[in-house]
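The values are calculated or read from the model by the stated rules, or taken from the named source; none is laboratory data. Not measured: the values here are computed from a predicted model. Backbone-built Cβ (ideal geometry, glycine too); neighbour counts: all protein chains shown. Note: areas computed on protein heavy atoms with side chains; ligands, DNA, RNA excluded. Shrake-Rupley method; radii C 1.70, N 1.55, O 1.52, S 1.80 Å.
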Amino acid sequence: MEWMELLNQLTRAFGPSGSEGGIRKTITDLIAPYVDEIKTDAMGNLIAHRKGEGKRLLFSAHMDSVGLLVTHVEKEGWLRFHQLGGLTAQDIRRQGVVFENGTRGVIAVPEDKEEDRDLKRADLFIDVGADSREEALKQVRPGDACVYTGTPFAQNGKVFSNYLDDRAGCAVLIEAARRIQNPQYDLYFLFSTQEEVGTRGVKPAAFGIDPDIGIAVDVTGSDDLPGSDRWCSSVLGKGAGIKVMDGSVVCQPELVAWMSAVAEAAEIPVQQDILRSGGTDAGAIQVTRGGVWAGGIDIPCRYTHAPVEVCALSDLEAAAALAARLAESGFDGR
Ligand SMILES: [Zn+2]
């Protein structure tokens, strides 16, 4: 399947943190041809298993997205909300949103706050066009979550879309699963839940799988914008990031060296990825049980968590190629 076709299906599926049923169904259909067994645990994690000999290698990509959760419906019909994951008021103002039942709205700014430089997320509200609380409640209840609207498109080798974090990682794992010919491992593909609210889904899933090696596939920052503060080291179009560290993990040097050597032998473009803050499933996997070899394949991404994110399609291609080659290459550890 072409990258854009895959990303279209994945980014359109509903799945804010805690409400991943829609995206889980989409991924189940896409990964099923390439694995032996698929199950869903109590946290909603999707665990796809390709049975094999040898050590257990776990690939993890989170399938939840950031979103908004309705807390109050005001008498005029305005919806107040809390955030699911890290969002800034500046990023989300006047953005369109959609609920799982198809109800649409826009994130609005109070008139007296329009020029406010210190606009807070709590100042904002969602307008679904309802004239009263009663009318709004016919479509939306407190506790309902919504996500950004958007239509992915490709231009200049880049993909522009909502929720490349981390549907790009999900796409990479599905594509890698399709490509793997001779796995050297008992292979698991985990599509985890609630990553954006604190890597919650991966913890019980990794505990249950008990992997020898765990590799998270997720987006990372991109150090190529005007005014860069050097918060991260990777840039768009220079290949898959091999995680060295982020705010949640320092990857074992032996594992980083192995990933780099596999990439070099297969002539897959890669770059060393260092992110000063923020975390991924890799951090949770590393400290599971008695400790796990943990790494990351990172996809450089601009404007992470904003309504439109941008990645390079060539980096997705490199990430899928690297994941597939790693699954076909032995790692002995210390
Ligand atoms: Zn992510």
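Accessible area of Ser228 (1.4 Å probe, protein heavy atoms only, ligands and nucleic acids ignored): about 50 Å². Specify the angular offset, from 0 to 90 degrees and rounded to the nearest 10, of the alpha carbon long axis of helix 164-179 from the longest principal axis of the alpha carbons in the chain. The angle comes out at about 30 degrees. A 1.4 Å probe run over segment 269-312, with the rest of the protein chains in place, finds 34 Å² accessible per residue.
A 1.4 Å probe, protein heavy atoms only, puts the accessible area of His62 near 0 Å².
The GluC sites (Glu not before Pro) of segment 249-299 that meet both conditions, a loop assignment by DSSP and at most 13 other Cβ atoms within 10 Å of the site Cβ, are Glu267. Full extension of the chain segment joining Phe153 with Lys51 gains 33.1 nm, where the gain is 0.36 nm per residue of separation less the Cα-Cα distance. Magnitude of the charge dipole for segment 67-148, about its Cα centre and with charges confined to Cβ atoms of Lys, Arg (+1) and Asp, Glu (-1), is about 300 debye. Across all directions, the shadow cast by the convex hull of the chain built on its C-alpha atoms averages 16.8 square nanometres. Between the Cα long axis of helix 3-12 and the first principal axis of the chain there is an angle of about 40°, rounded to the nearest 10.
Give the residues of segment 81-96 whose amide nitrogen is closer than 13 Å to a point set 7 Å from the Cα of Lys120 in the direction of its Cβ. Taking a point 7 Å out along Cα→Cβ of Lys120, the residues of segment 81-96 whose backbone N falls under 13 Å are 89. For segment 67-148, the share of alpha carbon pairs falling in successive 5 Å distance bins from zero is 3, 16, 30, 26, 16, 7, 1 percent.
Solvent-accessible area of the chain (1.4 angstrom probe, protein heavy atoms only): carbon and sulfur portion equals 47 percent. Applying 0.36 nm per residue to the separation of Ser228 and His82 and subtracting their alpha-carbon distance, the gain on full extension is 49.6 nm. Counting only heavy atoms of the protein chains and using a 1.4 Å probe, Arg93 has close to 70 Å² of accessible surface. Per residue, segment 67-148 exposes an accessible area of 55 Å² to a 1.4 Å probe, with every protein chain left in place. Which of the listed residues, Gly96, Gly86, Leu119, is farthest toward the dipole's positive end in segment 67-148, when Lys, Arg count +1 and Asp, Glu count -1 at the beta-carbon? Of the options given, the answer is Gly86. Based on DSSP H segments of at least four residues, each scored -39500 (n - 2.57), the chain has a per-residue ellipticity at 222 nm of -7500 deg cm²/dmol. Relative to the longest principal axis of the Cα atoms of the chain, the long axis of helix 21-31 lies at roughly 30 degrees.
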